[in-house]
Amino acid sequence: MVVEDDPAVRRALVLSLQNLEIPVLAVSSCLQALEEQQKEPADLVISDLQLPDGNGMDLLKQFKKTNPAVEVIIITGFGTIESAVEAMKVGASNYLLKPFTSSQLELTIMQIAQQRELRKQNTNLKKQLADESEFSSLLFVSPEMTTVQKLIKQVAPTDATVLIEGESGTGKEVIARSLHEASLRKEKPYIKVNCAAVPETLLESEFFGHEKGAFTGATMKREGRFELANGGTLLLDEITEISLPLQAKLLRVLQEHEFERVGGSRTIKVDTRIIATTNRDLVQAVAAGKFREDLYYRLHVVPIKVPRLAERKGEVEFLLEKFLDQFAKKHNKAVPRVSSIALDQLSRYHWPGNVRELRNYAERAVILATDDKELTYSDIVPTHATGSQDSVLGDGQEFPTLGEVEKRLIFLALKKTSGNRNEAANLIGINVRTLRNKLKEYQGAEGSEDESAADEQSEEAVGK
């Protein structure tokens with residue numbers, strides 16, 4: 001908004017701003033400025049210091065009172081150092097003395113825009129650091145995740161839209177963050193919106209922002225996530241949770257890179273890279289009429305499928321070691337040791353919560369661990385989560401060999417008998433010496449002939 005009573009100066013300012021492709025409204029008095037600011041708040045106000053019905057300093061104070069984020073440039077032909085200092089103290093973004101050139105005005109506006117962007121990025125960064133765990137890097141060792149990492153490196157430098165598909169807890173958000181950090185936009189904002197966590201009635205405003213008075217409770221103008229992510233990356237987490245009408249508006253943004261705020265009429269253009277995640281089958285959602293087919297193809301430019309933890313060869317032991325080390329540092333505790341039997345059992349657990357479940361169990365184990373005891377399977381996986389382990393066939397991912405079934409049966413018998421080897425041997429119909437020999441074979445260690453010592457070892461093996 002330009003607030004200037006001199007018609008010639010007002011026209012020159014409007015022309016300069018239009019040349020910079022900045023939408024502009026021009027008024028000639030304080031009263032008009034306040035009325036227009038109520039209707040559609042301006043982001044930037046250029047105001048003369050001397051006006052017919054007041055002065056720019058008073059106008060500056062009122063604008064800042066109703067909208068602290070507004071940028072105000074004071075212009076005057078009768079400037080003094082004192083008035084300039086006062087204006088800056090009250091909250092002016094800058095101060096220009098007449099006559100000034102279009103180049104001086106453009107430079108001033110560019111400086112204000114850069115400062116505004118830095119403040120926005122700083123705010124976003126602080127929020128992200130507060131919201132995100134320190135365990136945000138992509139950790140992997142399996143060939144399955146190595147393939148995913150190669151794809152990340154290929155697509156990250158481009159602006160292609162990426163759809164990350166996988167079960168909850170597989171690390172989709174970590175992969176999205178990795179894509180941004182490896183992209184040419186890494187110095188720009190990285191903004192997230194969880195589509196499942198925002199009420200449907202507020203999701204459109206969350207995406208596109210709203211004008212003051214757009215709906216009940218909209219007391220101030222608010223920028224949406226697309227604006228906040230301008231120049232950077234926007235993560236749309238759980239994209240399948242948005243309604244069909246909002247899907248149509250989202251499709252327009254992806255195609256045209258423009259939208260209007262809720263309650264607004266001004267078209268806003270953005271340059272935002274989109275990364276979407278889902279834990280559902282989008283093809284089925286399209287077939288069921290719950291997801292737009294054209295939006296699916298717009299999002300499905302580069303799909304990344306994240307495998308379940310149980311499908312990643314050798315990853316459970318690797319990740320457990322990393323998480324135990326990280327949580328030990330976090331809680332200022334010693335890194336606990338894990339028994340070899342427990343590691344074998346953990347590798348056969350089906351991990352319904354994937355990496356997130358393993359990480360949570362690792363933190364629990366570190367907090368409850370004692371320095372002089374190896375962690376057993378039950379120290380890591382709570383009893384309520386071990387249902388699938390009470391089967392000699394395992395989790396159903398791969399059909400076991402006869403040797404694996406025998407091993408699982410012995411551990412299950414020890415678990416059922418609270419580690420008593422005599423009872424476990426009777427339960428599965430073998431003698432206790434055979435059972436001890438089998439455990440020696442599994443553990444790779446010499447067993448003791450002392451029955452009580454053997455029982456104590458097996459108690460440790462099953463977590464008792």
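The values are calculated or read from the model by the stated rules, or taken from the named source; none is laboratory data. Model, not experiment: these values are computed from the prediction. Note: ideal-geometry Cβ built from the backbone for every residue, glycine included; neighbour counts use all protein chains shown. Accessible surface is based on the protein model in full, side chains and every heavy atom, while ligands, DNA and RNA are left aside. Shrake-Rupley method; radii C 1.70, N 1.55, O 1.52, S 1.80 Å.
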Worksheet, complete the sentence: Under the Karplus relation with 6.51, -1.76 and 1.60 and θ = phi - 60°, whole-Hz ³J(HN,Hα) for the range 276-287, x at Gly and Pro, equal 10, 10, 7, 9, 10, 7, 5, 4, 5, 5, 5, 4
Worksheet entry | Area accessible to solvent at Glu374, 1.4 Å probe radius, in Å² | 70
Fill in: All-pairs alpha carbon distance profile, the range 165-270, 10 Å steps from 0, percent
14, 43, 34, 9, 0
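Quick check for me: using +1 on Lys/Arg Cβ and -1 on Asp/Glu Cβ, what's the dipole size of the range 117-276 about its Cα centre, in debye to the nearest 20?
Working: 22 positive and 24 negative charges, 125 e Å.
I would put it at about 600 debye.
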Worksheet item: What accessible area per residue comes out for the chain, rounded to a whole number of Å², with a 1.4 Å probe?
Response: 51
Practice prompt. Specify the angular offset, from 0 to 90 degrees and rounded to the nearest 10, of the alpha carbon long axis of helix 354-368 from the longest principal axis of the alpha carbons in the chain.
Written response: 70
Response to the item:
Phi angles of the range 158-169, converted by Karplus (6.51 cos²θ - 1.76 cosθ + 1.60, θ = phi - 60°) into ³J(HN,Hα) in whole Hz with x for Gly and Pro, give 8, 9, 4, 6, 10, 10, 9, 10, x, 5, 4, x
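In a shell of Cβ-Cβ distance under 14 Å around Arg280, excluding Arg280 itself, what net charge do Lys and Arg (+1) and Asp and Glu (-1) give?
Numbers: positive: Lys172, Lys290, Lys305; negative: Glu165, Glu167, Asp237, Glu238, Glu241, Asp281.
Counting the neighbours of Arg280, the net charge comes to -3.
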Discussion item. Just to verify a number: what accessible area does Met88 come out at with the full protein assembly present, 1.4 Å probe, Å² rounded to tens?
Written reply: 90
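Determine the share of the chain's accessible area contributed by carbon and sulfur atoms, expressed in whole percent, with a 1.4 angstrom probe.
Numbers: 12290 of 23600 Å².
Solvent-exposed carbon and sulfur of the chain make up 52 percent of the total.
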Worksheet entry | Long pairs among Lys150/Lys188; Lys313/Lys333; Lys249/Lys269, criterion Cα-Cα beyond 18 Å | Lys150/Lys188; Lys313/Lys333
Discussion item. Can you tell me which lysines have their Cα less than 19 Å from the Cα of Lys65? Leave out same-chain residues fewer than eight positions away.
Written reply: Lys39, Lys89, Lys212, Lys221
Discussion item. Not counting ligands, DNA or RNA, and with a 1.4 Å probe, what is Glu4's accessible surface area in Å² rounded to the nearest 10?
Written reply: 0
Item to complete: Assuming a ≥ b ≥ c are the square roots of the Cα gyration tensor eigenvalues, decide whether the chain counts as rounded (a/c under 1.5), prolate (otherwise, with a/b larger than b/c) or oblate.
Response: prolate
